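The structure appears right after this line, and notes come after that.
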Amino acid sequence: MDNIENLTAMVVFARVVETLSFTEAANTLRMSKSSVSREIASLEVRLGAQLLTRTTRKIAVTDVGLRYYQFCNRILNEIKGAEHFIRHFHEEPIGNLRLTAPVTFGCQCVVPVLNHFINNNIHVNVDLDLTDRPVNMADELYDLAIVITRDKPDTTQLKPLIPITWGLYAAPNYVARLAKIDHPEDLPRHDYILFRGPAHTISLPFYKDKQKLDIDVRSRFRVNNSVALMSSAIAGGGIAYLPDYIAQESVKEGKLVQLLPDWKMDTYHSWVLFKSENMLSARVRLFVDDLERKLRQTYFR
């Protein structure tokens, strides 16, 4: 006798014993009454023992049926325990969370959320790789990657975070020395601190209503890190072209002011890339939810 074929019958038998009714057992199991009766009859044949006595008015459990029910109940409780474990596994963050993020965005925006996440999920270990190199999720061991791009990444396994808008910033004492800047065309005669590239001159985009302007500006100081750009601007080194999220705190503290805030400039977008959206663990889902909520509260009001 194959014990596996008894499992369904054991579930049916246990429910009949608990309800003492074929009809109620059938209803709770979403089976027909005749199917319940056949399962019990087949089980008794396979076991070679009468488990129930039936009359037209009631069902009674035999002595051997009562003993057999105790074993059935024990097995069914183990099955329920296994199902509870799986549900708990998906609901309770546990294990290693491996992720990557751009250096500056990671330090300023991701690490504070990770600190809070680690403190509240003691069974999760985190490995964070801060890098500005391109990431290919198919070739990486990361659970998720946070990227910043101008266009939407070519994958379906992603979730948008916040837009990354840019602006021009300078120290108040530097701005005080300048002629008033009311329009993008007033900009070319000033000193700029720009993200390092091959050219000393770049074209800055400006958008307002239906207007679009491209203004060429020249930089005397170029560097490949936005925090360094901001530090130089705070020191009075010139006008820095920065992501707004980087400058936000310094503007609140009065260390920087934004120039031409009514004009829009470049907009990039931040994204979370996943290995597989259909198999996200609890630790990945909860962290991404925390990250999205915190970013929108802090930088996208």
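The values are calculated or read from the model by the stated rules, or taken from the named source; none is laboratory data. In this text, all values refer to a predicted model and were calculated from it rather than measured experimentally. Positions of Cβ are generated from backbone atoms using ideal geometry, with glycine treated the same way; all protein chains shown enter the neighbour counts. Surface accessibility is based on the protein's heavy atoms, side chains included, excluding ligands, DNA and RNA. Shrake-Rupley method; radii C 1.70, N 1.55, O 1.52, S 1.80 Å.
See the values below:
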quantity: Inter-residue pairs, beta-carbon under 9 Å, first more than 17 Å from Leu20 (Cβ to Cβ) and in the stretch 43-57, second open to solvent by 90 Å² or more (accessible area, probe 1.4 Å) and assigned to a helix (DSSP H, G or I), 6+ apart; calculated: Arg46/Glu5
quantity: Top-ranked residue of the stretch 203-241 - restricted to ones that are of a type in the set (Phe, Trp, Tyr) and within 34 Å of the chain's Cα centre (by Cα), ranked as farthest from Val103 (Cα to Cα); calculated: Tyr207
quantity: Identity of the residue in the stretch 7-30, at pLDDT below 90 and over 18 Å from Val61 (Cα atoms), that ends up least open to solvent (accessible area, probe 1.4 Å); calculated: Leu29
quantity: Some residue of the stretch 155-172 being among the aromatic types (Phe, Trp, Tyr) and assigned to a strand (DSSP E or B); calculated: yes
quantity: Contacts under 9 angstrom Cβ, first residue in the stretch 9-21 being of a type in the set (Lys, Arg), partner in a helix (DSSP H, G or I), 6 or more apart; calculated: Arg15/Glu24; Arg15/Ala25; Arg15/Ala26; Arg15/Thr28; Arg15/Leu29; Arg15/Val36
quantity: Number of the exception - Lys152 against (1) in contact with a Pro (Cβ under 9 Å, 6 or more places away or on another chain); (2) crowded, with 18+ Cβ neighbours inside 10 Å; (3) assigned to a loop (DSSP other than H, G, I, E, B); calculated: (2)
quantity: Residue tally, condition assigned to a helix (DSSP H, G or I) and open to solvent by 50 Å² or more (accessible area, probe 1.4 Å), over the stretch 43-72; calculated: 9
quantity: Condition check for Ile215: in contact with a helix residue (DSSP H, G or I) (Cβ under 9 Å, 6 or more places away or on another chain) and of a type in the set (Val, Ile, Thr); calculated: yes
quantity: Tally of residues being open to solvent by less than 40 Å² (accessible area, probe 1.4 Å), among the aliphatic types (A, V, I, L, M) and closer than 22 Å to Arg177 by Cα across the stretch 217-268; calculated: 11
quantity: Whichever residue in the stretch 95-118 is assigned to a helix (DSSP H, G or I) and open to solvent by less than 30 Å² (accessible area, probe 1.4 Å) and, among such residues, is farthest from Met230 (Cα to Cα); calculated: Phe117
